[in-house]
Structure formats: C-alpha cells, structure tokens
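Written below as structure tokens is the structure these notes are about.
Every read-out reported here was derived from the displayed coordinates using simple, explicitly stated rules and does not represent laboratory data. Bear in mind that the values here come from a model prediction, so they are computed numbers and not experimental data. Neighbour counts run over all protein chains shown; Cβ positions are idealised from the backbone, glycine included.
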Amino acid sequence: MGIGASPRVVWEGLPSFYKLMGDLFPPNWTVLPALVQPAVQTLQMALVGTTQGALLSVPLILLASRNVTRQAWLYYGARGILNLLRTVPELLYAAILVAAVGIGPFAGILALTVFSVAIIAKLTSESLEAIDPGPMEALEAAGANRLKMVRYAVVPQVLPAYLSYTLFVFEINVRVSFVLGLVGAGGIGQLLLTALNLFRYQSATVIILVTLAAVITIDAISVRVRQAIV
Amino acid sequence: MKTNVAGLVEPGRWRLWAGAGLFAVAFIWSAQGVEASLPRLIEGLPLLARIVALMLVPDWSWAGRSLSGMVVSVQVALLGTTIGMLLAFPLAFLASRNISPHAASSYLGKQVLNLIRTFPEIILAVFFVAAYGPSALAGMMAIGLHSTGSLGKLYAEVVETIDPGPLEALRAAGANRAKVFWYAVMPQVLPEFLALSLYRFEINARAATVLGLVGAGGIGTIMVQALQFRRWEIVGMALIVIIVVVTLIDTASAALRRRLV
C-alpha cells in the first residue's frame, strides 16, 4: 500500500534534483525574442477561450437559476451538468481534446471554453438566484413576457457579477494557458516541453521566467480591473 | 450628465460601448492569432460528439485498475497537502505582521510564499519527475511545495486577523512566549487552518489526477496511455472514477468544513 514515499527516498533524490537546478542556470537569454510571439499567442488563447465560455454560459446561467427557470427538470438538469463539468480539471480536458482534435492551440482553446462555461455559469447563476425579486415581479404583474423580464429585471442586476466572474476566470485561464502546452494543447508550454525533452534546460529557464512574469502581471491587472468594476 | 425619469444619474453609456468595442477588437485579433474560428468549431462538433458517445460506453473491465490509480492520486493529494500544512505552518507565522518577530521577517516570509505560489504545480511536477523519475513521489513533492505557498499565504491572513485580547491578557499575567502561543494563538487559528487545509485537499485531489499526465503517477498515468491509443472506452471509465471520487471528496470535505468554522 501507499506510494512508496519516505524521507529516505526524498533525501536520496536530492543530489539529482540539485544537479537539475544547476543545469537551469545561467538562463539562455538568446531565446527571449523568439518567445514574444508564442507568449502573445498564449494570452490570445486565454482571451478566446474565456470569451467563448462567457458567451456559451449565458443560456446555462438562465437555466440553472431557480427564479428564472421554473421547470424543475430543466433546472436540475442544468445544475447537474454544471457540477459534472466542474469536477474535471482543465488540463484533463486539454489532454482529452488533444487526443480528439490533435496537438495545438485549438484543443487548448476548447478546453478553456468548456471549463469557463462551467465556472462562469455556476457562479453567476448563484448570484442570479440572490437578486432582488421586486423588479421581476413588477414586470410580471405588468404582463411582460419572460424575455422582457430577463432583459429589464435580470440583466441589469447580474451584469456586474457576470463580468467580474468572467474576469476571475480569465485570470485562471491565463495561468492555465501557459501550461496547457505541457499536455500538447498549444501555447508557450509546448516550447517548454520541447526544451525539456531536448535537455535544453537553460532555454527552459527563460520560458519559465516568461511564464512567471506573465502570471504576475495578469494578476496585478486583474485585481485593478475587478476593483474598478465592483 | 444624463438623468433618467426617476432623476437618477445614468451610467455612461458611451463608456460601456467603448469598452465593448475595444473588447471585440481584442477578441477578433486573438481569434485570428490562434487560428480559431467558428466554422472550425462547428466542423469539429460531430467528431467531438462521436468521441463523447464512445466515452459514454465505458470499459468496465478497467474499473478496478482505474480505481486503484485514483487511490494513488488521492494518496498523493493527501501526502502533498500534509507536507504543505507542515511547511506552511512556521512560514505563515513568520509572514504575519502581528506575530512575526520583525517587520523585515514578515516581509521576507510573504515574498517567499508569493514566489512559491507563482510556480504552477504542473511545472514543479515536470521538474520533480525529471529529478526523481516518473513516480507518484514526484507528484507528492510538487503538490507539497505548491500547497506550502498557497496554504502559507492563507494561514498568514488568518493569523493577522486574530483577536489580540487573549494574547495581551496572558502576557499581563506573566506567561512566556510559548504559553501565549499555545493558549492564545493556537485556539484562534487552528479551526481555520484545518478548514483551509481541507479546501486545499479538495483542490489537490483534482491536481493529483492531472499531474499523472506528465508522469507523476496515479490515474493520470492510465489516462495518458488510454489517450495515446485513443481507447475512448478506457478514458470514459477513468473519467467516471475521477468524477465520482472527486465529488465524494468535495461533499465530505465541505461537510467537515461546515463543522469546523
């Protein structure tokens, strides 16, 4: 039983770990110019995946909210699908989609889309269920149809939450997009995988540093933007 | 400034449209950059539907192997979380403004935690796999290290919000530092530390399934092989096991967390 981990095993592996760390330095900065385009492409993957996810999540948000969807089977069905989608990690989606549609950014974007739909729809539908029922009741009393109720009573109330969750997911997706390539799903991570497989550790260092820089920058920007919106 | 019938200030419409326009341009530019297009997405749908249909008929003869792979993943998550808890504990007190011996050590502690946290788990896993060979051990270490950073930061936030009252009372009564820590600090932070660790364990259980994709053991190893040979019925089986076990862990952990805080 167990995974065979012990302090001794960890200890005995340390020399090879130190050696590996040593091989990472000095960083081979000459590869940096060649990384700009892949880094931009990686951010583009995150942007496209998040946007597609945000758009596709709209019907699911409405279906998974009890105050909008009164048919129990539709509501529970939508909730169930969202919970199911949320259990599977993004990188697992990516690995599966790479096998399905081939290596490259397309698989990565699809993975980001599926995951974004699940998170945005789940979080936003929870906000939607907590909105003030007054405006909806007023519109209903005035004889407005479902579509009008959503447009004038629901949208104004949940839009800030929806945008804020979308940004939150974008932040996660940027982080993930930089490592999607490790399972073959495009972006700068694929260069990292190649560099490691060819034992070009000093180039790998630069790719990792670019990744860390991108993650830190996006975190900082995202915090600011979210403060401005909410 | 525009006002509506009720005399309220209307939010700047043009700003909303400008934002939307800017975003649309960014989206189109990005979509072209990654060669993603709606036609391509629609073209791919029948293929995806076929694959999903294949996964929905899982190969039950792989249920046992999938389950034992998942057990390894859960063990990896459990050990990794424990390592993270143990390492995060001292670091969190070092990083917290109120308990840290000095402002400089608090700053240093925070920066160390931030640095650790920035490294994605899967990159750590790739390195540990390179150093220790493909094994669950590598996964455990990657999760342990990453959890140290994320738990340390959260623990430190808990420590910074404790009530100073009991500490002062004990100090006034002449208790030494160890006594103050044990009787005034620990009771205040422990339940929250445990709740945060449980939550981290939920995240780590998912992460452990993924790390196998880069050689860090567990059910991910089965997944990688099944995907390599496009054995969708095995992929489907492994996915079912992951979904069921992760859901069970989430539910149990959430129930426990509710009792803690």
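What dipole magnitude, in Debye to the nearest 20, does segment A:29-166 give about its Cα centre under +1 on Lys/Arg Cβ and -1 on Asp/Glu Cβ? Intermediate results must be reported in sequence, preceding the final value.
Numbers: 8 positive and 6 negative charges, 46 e Å.
Its charge dipole is roughly 220 debye.
With springs only between Cα atoms under 10 Å, which of B:Gly149, B:Gly218, B:Gly174 fluctuates most in a Gaussian network model of chain B?
Sorting by GNM fluctuation, first place goes to B:Gly174.
Taking loop as defined by DSSP and a crowding limit of 15 other beta carbons within 10 Å, which chymotrypsin sites (Phe, Trp or Tyr not before Pro) in segment B:191-258 fit?
Listed in order of number, the matching sites are B:Phe229.
Filter chain A for me: DSSP H helices, axial length by Cα at least 18 angstrom, mean Kyte-Doolittle hydropathy not below 0.0. List them by residue number.
Span-like helices, by this rule, are A:32-63, A:72-87, A:105-129, A:155-180, A:201-229.
Could you let me know the centre-to-centre spacing of segment A:191-213 and segment B:113-136, using Cα atoms, in angstrom?
Each part reduced to its Cα centre gives a spacing of 13 Å.
Mean Kyte-Doolittle hydropathy of 0.0 or higher plus an axial Cα length of 18 Å or more: which whole DSSP H helices in chain B meet both?
Details: long enough: B:13-33 (30 Å, 0.65); B:38-55 (25 Å, 1.41); B:63-95 (46 Å, 1.55); B:103-118 (23 Å, 0.27); B:136-160 (35 Å, 0.79); B:186-211 (36 Å, 0.68); B:232-260 (41 Å, 1.51).
What comes out of the filter, once short or polar helices are dropped, is B:13-33, B:38-55, B:63-95, B:103-118, B:136-160, B:186-211, B:232-260.
In debye, nearest 20: dipole of the protein assembly as shown around its Cα centre with unit charges on the Cβ of K, R (+) and D, E (-)?
Working: 34 positive and 23 negative charges, 40 e Å.
For this selection, approximately 200 debye.
Translational diffusion coefficient of segment A:31-229 at 20 °C, 1.002 mPa s, Stokes-Einstein with Kirkwood Rh over Cα pairs, in µm²/s as a whole number. Spell out each step's value before the answer.
Working: Rh = 18.2 Å.
Approximately 118 µm²/s, per Stokes-Einstein.
Summarise the partner chain shielding of B:120-133 as one whole number: the mean count of Cβ atoms from other chains within 10 Å of each residue's Cβ.
Details: counts 11, 2, 8, 11, 0, 2, 8, 8, 4, 1, 8, 9, 8, 2.
Average per residue, whole number: 6.
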